[in-house]
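Heads up: the structure comes next, in structure tokens.
Please treat every number below as a calculation from the coordinates, not as lab data. Model, not experiment: these values are computed from the prediction. Heads up, the Cβs are rebuilt from the backbone with ideal geometry, glycines too, and the neighbour counts pull from every protein chain shown.
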């Protein structure tokens, strides 16, 4: 990794309609703690530093990573941000 | 007849599969590592259970991209019989050889129990001739066995006879109480459109000889041997 590495972020979320049992368990725990009724969906954030010519190139590379490995399109969607 | 068992870092039912092939069936088994680019002349390929790559990222996701999977894909696309058991089923969905995905069990608990399964749908190499008039008793042991597919995929699977195992009760009734993990339509196992690739969450290799407390799992291994011989 060179010093000029670009930092990107891939956020992966469960698709709407896919049962999120972890989110439900967390919402139940929040209710137990007095936070009342909430709806919680659990996702993942990948912080990736990579060598790329510019932000657009980094974004394209991160999209390839997301479709190739980081997200499962059957159950998940993803979003990319580049600093 | 030669069975290749693919072993990933973290596979833990690979040797159980080898034992069934060698000791129960009296056939040849080859254990092939995740880095291999060749499957060592298989007639049948088995993807075993376990926790490949520590279940990191998603169960089966990293194994699905391991070098050996290129050879598994070639074998499958050439019509060779492939059975993915538990983690092996997760690998097959992650690499796209089977539709849908497997998520966290609806009850959040790791489920380790005997379940009842009906054999249905099309006659795959692993279910041809296996009894359909009474359910099989086969153990499950998983945390991420909740089968998910969207409505269109589910309708296609049902319509094409690609649902090949379903969770039922001892009397053969398929309802929510017989569903150990929240899988859609009580699905325990499916096959691909061609019928040669089968994935299932229950473990037939763990009930293939009387010492293990059950023998129904052996029927699947006998079936594929019968089809190929």
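Quick notes on this structure:
- Cβ-Cβ FRET estimate between residue A:45 and residue B:141, R0 fixed at 41 Å, reported to 0.05: 0.85
- Neighbour-count ranking [beta-carbon atoms within 10 angstrom, fewest first] of B:190, B:85: B:190, B:85
- Average partner coverage of A:65-74, which counts Cβ from other chains inside 10 Å: 4
- The label point for residue B:122 and the one for residue B:109, both projected 7 Å from the Cα toward the Cβ, are 3.7 nm apart.
- Kirkwood Rh and Cα Rg combined as Rg/Rh, region B:2-228: 0.92
- Residue among B:66, B:30, B:171 with the largest mean-square fluctuation in a Gaussian network model of chain B, springs linking Cα atoms under 10 Å: B:171
- When DSSP beta bridges are restricted to pairs lying wholly in chain B, around 60% turn out antiparallel.
- The protein assembly as shown: radius of gyration and largest Cα-Cα distance (Dmax), Å: 20.5, 67
- Interatomic Cα distance distribution for region B:101-170, bins of 5 angstrom, percent: 4, 15, 19, 23, 22, 15, 2, 0
- Note on region B:170-216: the alpha carbon radius of gyration divided by the globular reference 2.2 N^0.38 Å gives 1.38.
- Here the Kirkwood formula puts the hydrodynamic radius of region A:6-82 at 13.9 Å, using every distinct Cα pair.
- The mean number of partner chain beta-carbon atoms within 10 angstrom of a residue's beta-carbon across peptide B:52-63 is 2.
- Area projected by the alpha carbon convex hull of region B:105-229, averaged over all directions, nm²: 7.5 nm²
- Residues of region B:178-208 falling in the label zone of residue B:156, defined by backbone nitrogen less than 14 Å from a point 7 Å along Cα to beta-carbon, are B:191-195.
- Extension reserve of the residue B:15-residue B:41 stretch, reckoned as 0.36 nm per residue once the Cα distance is removed: 7.5 nm
- Between B:208, B:106, B:64, the Gaussian network model of chain B with springs among Cα atoms under 10 angstrom shows the greatest mean-square fluctuation at B:106.
- Overall dimensions of region A:25-68 as given by Cα atoms, namely Rg and Dmax in Å: 17.9, 49
- Region B:28-125 - Kirkwood radius from inverse mean 1/r over Cα pairs (Å): 14.6 Å
- The mean number of partner chain beta-carbon atoms within 10 angstrom of a residue's beta-carbon across peptide B:93-99 is 1.
- R0 of 41 Å, Cβ-Cβ distance residue A:28-residue B:193: FRET efficiency to nearest 0.05: 0.55
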